[in-house]
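The values are calculated or read from the model by the stated rules, or taken from the named source; none is laboratory data. Values in this document were obtained by computation on a predicted structure and should not be read as measured data. Note that each Cβ is placed from the backbone with ideal geometry, even for glycine, and that neighbours are counted across all protein chains shown.
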């Protein structure tokens, strides 16, 4: 299969070369670093600690990979959906990606965006983690950060010995400890989305923005 590492690198490379993003990519990486400073199965999910939240996510990702073609994309989506809903604060992440632009959307548009953002988030996981070849996740450390955030560092060790680092920033809420940002090999998913989403909303309109998200969802299913 196409390695998870190569998938991540390909995504980052494409994003970096976009005209709207290239000029401010390094600024956003600096901003990202400042963030450090500043179904029945899902119901049983343990979110009582940051490490347990991440472990629960990793556990279901491996189950999806092991199911592979037998589950298919839709099967992996259904498997992952309840766990991602519990382990991620998707509403917070979605609103943070838009910043002040969030308040310019009416309630219906906000609902539509949240729904598409959720589908894209789950689809991305289902598309990336689709085949098992002996991979395993390894916990590295947990660090307390300012603003009551916690950083959980981990890595995915592939069968050939290559590793992909997955660092998670979590905060505690009513649903327990939830992920609010992920850094894959040091690159913030939140930072990338901020640039892309805000650029489209500022230069285009909401319809074009949602069309972009729908295309990404469809592409995740094909990959």
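Among residues of the stretch 49-78 that are closer than 24 Å to residue 169 by Cα, those with a Cβ under 8 angstrom from a residue that is modelled with pLDDT under 95 and part of a helix (DSSP H, G or I), sequence gap 6+ or separate chain, pair up as 60/41. Anything in the stretch 186-201 that is touching a strand residue (DSSP E or B) at 6+ places or on another chain (Cβ under 9 Å) and in a helix (DSSP H, G or I)? List them, or say none. Within the stretch 186-201, 189, 190, 191, 194 qualify.
Where strands (runs of 3 or more DSSP E) fall entirely within the stretch 118-181, those with at least 3 residues that are at pLDDT 95 or above, surrounded by 15 or more Cβ atoms within 10 Å (Cβ to Cβ) and more than 13 Å from the chain's Cα centre (by Cα) are at 150-157, 163-173.
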